[in-house]
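So the structure is just underneath, and the comments pick up after that.
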Amino acid sequence: MKVLTRSTIAALLLILSATAALPQSMTDGLVLSAKQPRKIEPPEPPSMYSQYIDPVNGLSADAVVRYALAHNGELAAAKHMIAEARGRLRQAGLKANPMLEASGTRAANTPDNKLMVGAELPLELGGRRIARVVVASAELSVREAEVADFERKLTADTRMKYSDAIAAARNLKFTEDLLMLTRDSHRLVQARVEQGKTAPLEQNLLLVELNRVDAMRIGFESRAEVAMLELKKVIGMPAGEPLRLRGEFDIARQPVMQGDAVRNALATRPDLSAARAAEKLASAQIEQARTEGKFDASIFAGYERMSSGFDVFGFNDGGARVPVMGVFHNLTFGVRLSLPVRNKNEGNVEAALASAEAARSRREFAELVVRNEVASAYARFERAQSALAVYRDGVRGQAERNLDVIRQTYTLGQKSALDYVSEQRRFIEVETGYTEVLKEYFNSLIELERAAGTPVPSA
């Protein structure tokens with residue numbers, strides 16, 4: 001029989017002493033012999049990792065982003081706003097329609113009657129049509145920049161959700177593998193207990209650890225499922241449609257220098273472009289308001305046919321007796337002026353000036369925010385990069401080797417079950433912590449892309 005370790009003997013003596021002090025009714029179930037009833041381990045669950053991750057045919061982060069840009073409903077609605085702005089631009093460039101007027105008059109007690117037909121054409125003086133076109137064009141630029149900014153944010157959100165999903169799936173795979181190892185260890189100890197070579201306490205310890213790892217697996221399975229549903233919601237995929245990811249953290253990318261990123265963000269970020277376009281729109285609205293306050297004119301022309309007579313008779317050239325009647329044809333033409341004497345559109349001009357000042361303030365503040373966001377993103381990236389290097393070079397590999405050594409020495413009887421369980425729990429903390437570090441590094445790259453406005457190139 002193999003010699004028990006000191007920690008195991010101490011634990012057995014503690015249990016025996018406690019058992020001796022209890023009443024008989026409470027000690028009936030405490031049997032510390034090889035004839036103890038067999039502990040039933042939890043059933044072996046099927047692997048759920050393959051439902052979420054497919055390293056060959058799964059979608060990469062870029063493929064998921066392309067799907068989101070093609071199927072996200074809010075983005076599709078935003079693109080319709082561009083079409084709406086294009087329609088207003090086309091309408092602004094159209095000339096004013098001419099107006100046609102026709103009327104007739106007939107006397108109630110005489111045969112007199114009159115027919116009038118007139119037409120009027122607004123001239124839109126002072127550059128009114130040009131001002132409308134400039135305003136509509138600036139509004140179109142604002143809508144296009146807003147849609148581009150929506151795409152930028154949607155791309156970052158999609159990559160973040162992708163990161164959550166593969167991090168949860170990675171932890172799920174780790175706990176599934178760990179559950180298999182713990183199950184094998186428990187079966188080995190169980191066989192030794194049945195042969196009387198190991199104390200039942202070690203079997204109980206491993207059974208508790210086995211159930212704890214199984215509970216962890218269930219928790220990570222729930223997180224992976226929720227993360228996949230959140231990803232489907234963002235990209236516009238129905239919840240029942242199958243989705244498998246490639247499952248990689250693309251960390252082989254390095255950003256450009258911070259100064260270059262700031263310059264690029266100030267030059268190309270869509271939200272800044274939208275702020276600048278809004279500033280131009282406000283300036284165009286000022287000019288339009290001033291134009292509307294100037295005089296305008298329209299030209300008109302008309303034709304009038306009037307039939308009039310008297311209730312008497314006369315003689316025509318042939319000497320016949322005829323009623324005294326006459327038909328008259330009149331042409332009218334002229335210019336109608338709108339004189340800005342009492343209303344020069346001062347209120348709308350004042351409102352447009354205030355709107356332009358607000359747009360300028362928003363643009364200046366947006367530029368400050370962009371600089372701060374880029375600086376914050378680089379600070380986050382540098383910290384994540386340092387943590388990843390520490391985990392990769394000095395933590396994860398050593399923890400895995402430590403667990404292998406403890407497992408082997410435990411198998412040989414040189415370490416107790418408590419030592420093995422404690423080391424395994426430390427390894428679980430290290431491995432799940434490494435997943436979080438990988439996720440943070442990947443998310444810091446995503447934040448850099450969001451802040452700089454351009455993708456981070458691969459190394």
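The values are calculated or read from the model by the stated rules, or taken from the named source; none is laboratory data. Remember, it's a predicted structure, so these values are computed and weren't measured experimentally. All Cβ positions, even for glycine, are placed from backbone atoms using ideal geometry, and neighbour counts span all protein chains on display. Please note that ligands, DNA and RNA were not included when accessible areas were found on the heavy atoms of the full protein model with its side chains. Shrake-Rupley method; radii C 1.70, N 1.55, O 1.52, S 1.80 Å.
A few comments on the model shown:
- Surface composition of the chain: carbon plus sulfur atoms contribute 57% of the solvent-accessible area (1.4 Å probe, protein chains only, all chains present).
- Semi-axis lengths (Å, descending) of the ellipsoid that matches the C-alpha gyration tensor of region 149-286: 54, 17, 11
- Over the Cα atoms of the chain, the radius of gyration divided by the Kirkwood radius equals 1.38; this is the Rg/Rh ratio.
- Computed from the Cα positions only, the extents of region 76-224 along the three principal axes stand at 133, 41, 14 Å, in decreasing order.
- Using a Förster distance of 60 Å, the FRET efficiency for Arg129-Asp404 (Cβ separation, nearest 0.05): 0.15
- Low-density loop cleavage sites - trypsin sites (Lys or Arg not before Pro) in region 86-191, where at most 14 other Cβ are within 10 Å (DSSP): Lys95
- Computed from phi, the 3J(HN,Hα) profile of region 275-285 under the Karplus parametrisation 6.51, -1.76, 1.60 (θ = phi - 60°) reads 5, 5, 5, 5, 5, 5, 4, 5, 5, 5, 5 Hz, with x in place of Gly and Pro.
- Projected-area mean, region 308-419, by convex hull of Cα positions, square nanometres: 26.6 nm²
- A Förster radius of 41 Å, combined with the Cβ-Cβ distance separating Asp317 from Glu101, puts the computed FRET efficiency at roughly 0.60.
- Principal axis dimensions, region 325-367 - Cα atoms, whole angstrom, descending: 81, 22, 13
- Neighbour-limited loop hits for chymotrypsin sites (Phe, Trp or Tyr not before Pro), region 103-192 (at most 16 other Cβ within 10 Å; DSSP other than H, G, I, E, B): none
- If you model region 78-159 as an ellipsoid using its alpha carbon gyration tensor, with each semi-axis the square root of five times an eigenvalue, the axes come out at 52, 15, 6 Å, biggest first.
- Cα-based reach from Lys280 at 28 Å (exclusive), listing lysines while leaving out same-chain residues under 8 positions away: Lys79, Lys95, Lys153, Lys294, Lys344
- Rg and Dmax of region 121-177, Cα atoms only, in Å: 24.8, 83
- Set of lysines with alpha-carbon distance to Lys197 below 30 Å, sequence-local pairs under 8 removed: Lys2, Lys35, Lys39, Lys415
- Rh (Kirkwood; distinct C-alpha pairs) - region 181-228, Å: 11.8 Å
- Here the dipole of the chain is about 280 debye; that uses its Cα centre as origin and unit charges on the Cβ of Lys and Arg (positive) and Asp and Glu (negative).
- Cα-Cα pairs of region 226-326 separated by more than 24 Å (percent): 74 percent
- Length added when fully stretched, Val256-Leu188, from 0.36 nm per residue minus Cα-Cα: 19.1 nm
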